[in-house]
Amino acid sequence: MSDIASALTQMARIKTPESRAALALGVTDICTAKPLSNRVEPIANDLLLSLAHKVEEQVRVQMANKLAGCNWAPRGIIRFLAFDAPSVAESIIAQSQVLEAEDLVELAETGSEKHRIMIAERLHIGIAVSDAAAFKSEIRVLRSLAQNHTARLSERTLDKCFNAADEDDEIAHDLLERDDAPPSLIDTLTRKISGAVRDQVEKHFDLKPGALAETVIETTTLQPAEDEEEEIRKLVEQMSAMGELDGTLVVRALTDGKILFFDYALADLCGLPVENWRAALGASSMRATALACRAARIDKSLFPSVVRGMQKAGRIQDDLPSDAMMSAANIFQKFTPGSAYDALRRLALSV
């Protein structure tokens, strides 16, 4: 407490920019030296915020570099520096574990394109963060997301990356290296990419030379009418973009027998490609259904209706074991939406 109290005393006396800079960096060093007590942390946070408002940008860069790797840094100053100029925010966005997903989502929505690029490059971001970074469909942001193999990307964000591939072959190349790129989007990609990248696609998937060129010619010549599944996919994509999808709507679609819409809407709410949802369903129908409902944040009270709808559609057997419903319902207690997503994806990949 004496170090912080001394800094407060000095702060009242400082007059020059040089003195303020020295004090700001000195207090930063104090805060990063060892974990702060619950009593000292708010005082240190207020002091750092006060100093950060008074020093030059280059000094704030130095403060950010020191605080970025400090897991006990006060959250207030971390947020302030993350929302600062990109030069200040860079190390905080890249490294700080104090930043929470909600901070990154807010920053993606309110910050600059440079902020969104840095968020897209951050390791291990989740779907909410990557969706927020991609919401303006900026090419440089999408390129960074495509290159970030540690980032979890929803089908919606992957679609944006694929749509950008006709303007940027680098995105096309990076998407081919991702494990979560749905095979169903490869055909779309091949119609957008250049000949050089098309050759690489053929090599990557061990196709005969010229196979993709033939596919492109065939699809552009015949121009077949969109089938029902493609129409449903686009409808769900539009509704999702407008925020019109929710668990109640998805359950109602199932009970009304609209299975295609249910599949795409549920997969969208889970943040998974529809192929993954169907694969998981084939691996273990009851468990997949419970995990998907949890990942999609469908209320537990609606789960019995989902099971009945799945049984009516022939996707879950009618004569379930006596404990099957209870075991599945327990997923709502044992799993968070995030861990349910992970388990559902693992189930899909196990097939």
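Within region 264-322, what whole-number % of the accessible surface is contributed by carbon and sulfur, with the 1.4 Å probe and all protein chains included in the calculation? Using a 1.4 Å probe with all protein chains present, region 264-322 comes out at 44 percent carbon and sulfur. The 3J(HN,Hα) values that the Karplus relation (6.51, -1.76, 1.60; θ = phi - 60°) gives for region 107-114 are, in residue order, 5, 4, 7, 10, x, 8, 4, 4 Hz. Gly and Pro appear as x. Maximal additional length on extending the GLU231-GLU244 stretch stands at 3.0 nm, based on 0.36 nm per residue less the C-alpha distance.
From the Cα gyration tensor of region 100-157, with a ≥ b ≥ c the square roots of its eigenvalues, which class applies: rounded if a/c is under 1.5, or else prolate if a/b is larger than b/c, or else oblate? Because its axes are fairly even, with a/c under 1.5, region 100-157 counts as rounded. Entry comment: accessible area of region 88-150 is 43 Å² per residue, from protein heavy atoms only and a probe of 1.4 Å. The residues of region 273-351 have, on average, 51 Å² of accessible surface per residue, using a 1.4 Å probe with all protein chains present. Classify region 270-351 as rounded, prolate or oblate, taking a ≥ b ≥ c as the square roots of the eigenvalues of its Cα gyration tensor: rounded when a/c is under 1.5, otherwise prolate if a/b is larger than b/c and oblate if not. Taking the square roots of the gyration eigenvalues as a ≥ b ≥ c, region 270-351 is oblate. Among the listed pairs LYS160/LYS234; LYS234/LYS312; LYS258/LYS312; LYS258/LYS334; LYS234/LYS300; LYS258/LYS300, those whose Cα-Cα separation exceeds 18 Å are LYS234/LYS312; LYS258/LYS334; LYS234/LYS300; LYS258/LYS300. I need the shape label for region 291-333. Rule: rounded when a/c is under 1.5, else prolate if a/b > b/c, else oblate, with a, b, c from the alpha carbon gyration tensor. Oblate is the answer for region 291-333, as a/c is 1.5 or above yet b/c matches or exceeds a/b.
The values are calculated or read from the model by the stated rules, or taken from the named source; none is laboratory data. What you see is a predicted model, and the numbers here were worked out from it, not measured in a lab. The protein model used for the area step is the full one, side chains on, heavy atoms only, and it has no ligands, DNA or RNA in it. Shrake-Rupley method; radii C 1.70, N 1.55, O 1.52, S 1.80 Å.
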